[in-house]
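Below is one structure, written out as C-alpha cells; comments come after it.
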Amino acid sequence: MKCRTLVLLSGRGSNLEALLTRIRCWQIPATIVGVISNRPDAGGLAIARGAGITSACIDHRQHADRSGFEATLATTIDALAPDLILLAGFMRVLTPAFVERYSPRLLNIHPSLLPAYRGLDTHARALAAGDREHGASVHVVVPELDAGPVIAQVIVPIRSDDDAPRLAARVQRGEHLLYPLVVQWYASGRLSLDSVQVSLDRQSLPENGCRFRLVMDPESVAGDRLEEA
Ligand code: GAR
C-alpha cells in the first residue's frame, strides 16, 4: 500500500516538484494524492496540474475568518483521505484545533536549523548573526509555531559572499533531498511520529533529529546528495 501523501503550499512549489521527482526515482512507496494552496497564483498548483494531480485552491481571503478557512480546508483534506500531510511553503499559521485534528501526521519543512530562527526571514537573520552554517528542518507540526519535534535537518555552509536569495537557493537544494528522505522513512514504516518525540527504526531521535550535510554536485542538482553529519 502506498502512503497517501497530501501537499499544502502557498508558493513556487519547488519542494513539491522535488517530492514528485524523488518519489519516482527513489521508488518511494508513496503517492501524492492532492495539492492544496491558499493562493490562486501559487506556482505549485500549476506543477500539480501538469503532473495530473488533484489540486484545489482554498483562498483564505475568501473566508470571513480563520475558522471558516480551516473548516473548508479540513473538508477538502478529509475527502482525499491522506496518511501524511506535508506543509511545503504553506504560509498560513494553523490554529491549535486544526493542528490537533491531524497531529502527528502533519509535517513541515522550515528553512533553519531549528530551534534557531523560528518564523520568517530565516536566511537574512542567519546572515546578520554572522553564522557559518544554516539549513532546513523537517518537523512534526504542533500548535506552537515551528516548535514540534525535529525529524531531520540538512546543514549547508554560509559563504562570505552570500546574500539571502543565494543562501535560500542553497538551502532549498538541501530541502529537496531532505523532505523526500523523510517521506521515504515514513512510507516504509521506519518512522514513528508523535507530537513530543519521534523515532526512526525504534530509536528515539535527538533534539535536532537526524543531521545531514548537503554535498552539492557542481554539474547538476540531480547529483546532489546528503551525507550524515
Ligand atoms: C521553502 O524553502 C520552505 O522551507 C519555506 O518556504 C519555501 C517554499 O518553497 N517554508 C517556510 O518558510 C515555512 N515557515 P517552494 O514553494 O519552492 O517549495
Practice prompt. Enumerate the calculated ³J(HN,Hα) couplings along the range 98-105 in order (Karplus 6.51 cos²θ - 1.76 cosθ + 1.60, θ = phi - 60°), each rounded to whole Hz, writing x wherever the residue is Gly or Pro.
Written response: 5, 4, 5, 4, 10, 5, x, 8
Practice prompt. For the chain, set up a Gaussian network in which alpha carbons nearer than 10 Å are linked by springs, and say which option among S137, S37, S204 fluctuates the most.
Written response: S204
Worksheet item: Where a ≥ b ≥ c are the square roots of the eigenvalues of the C-alpha gyration tensor, would you call the chain rounded, which needs a/c under 1.5, or, failing that, prolate if a/b is larger than b/c, or oblate?
Response: rounded
Worksheet item: Expressed in nm to one decimal, what extension gain is obtained for the pair T95 and T72 from 0.36 nm per residue of sequence separation less their Cα-Cα distance?
Response: 6.9 nm
Practice prompt. Could you tell me which of P40, I85, Q27 has its Cα farthest along the dipole of the range 1-105 towards the positive end, charges placed at Cβ (Lys, Arg +1; Asp, Glu -1), taken about the Cα centre?
Written response: Q27
Worksheet item: Which value, in debye to the nearest 20, gives the size of the charge dipole of the chain about its Cα centre, when Lys and Arg are +1 and Asp and Glu are -1 at the Cβ?
Response: 400
Worksheet entry | Over the chain: helical MRE at 222 nm, DSSP H runs n ≥ 4 each giving -39500 (n - 2.57), nearest 500 | -10000 deg cm²/dmol
Worksheet entry | For Y117, Y102, Y179, order by how many other beta-carbon atoms lie within 10 Å, fewest first | Y102, Y117, Y179
Item to complete: Kindly write out, for the range 175-189 in residue order, the coupling ³J(HN,Hα) from the Karplus curve 6.51 cos²θ - 1.76 cosθ + 1.60 (θ = phi - 60°), rounded to whole Hz, with x marking Gly and Pro.
Response: 4, 5, 9, 5, 5, x, 5, 5, 4, 4, 4, 5, 5, 9, x
Worksheet item: Using the Cβ atoms and a cut-off under 9 Å, what net charge is assigned to the surroundings of P149, where Lys and Arg are +1 and Asp and Glu are -1?
Response: -2
Response to the item:
Among S55, S112, S67, the residue with the largest mean-square fluctuation in a Gaussian network model of the chain built from Cα contacts under 10 Å is S67
Worksheet, complete the sentence: Longest the chain segment clear of GluC sites (Glu not before Pro) sitting in DSSP loops (not H, G, I, E or B) with at most 11 other Cβ atoms within 10 Å runs 1-143
Discussion item. Can you work out the Karplus-derived ³J(HN,Hα) for every residue in the range 47-55? Use 6.51 cos²θ - 1.76 cosθ + 1.60 with θ = phi - 60°, whole Hz, and x for glycine or proline.
Written reply: 4, 4, 4, x, 8, x, 9, 4, 9
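Where a number appears in this text, it was derived from the coordinates with a stated rule and is not lab data. Treat the numbers as computed from the prediction; the structure is a model and nothing was measured. Glycine also receives a Cβ, built like all others from the backbone with ideal geometry; neighbour counts cover every protein chain displayed.
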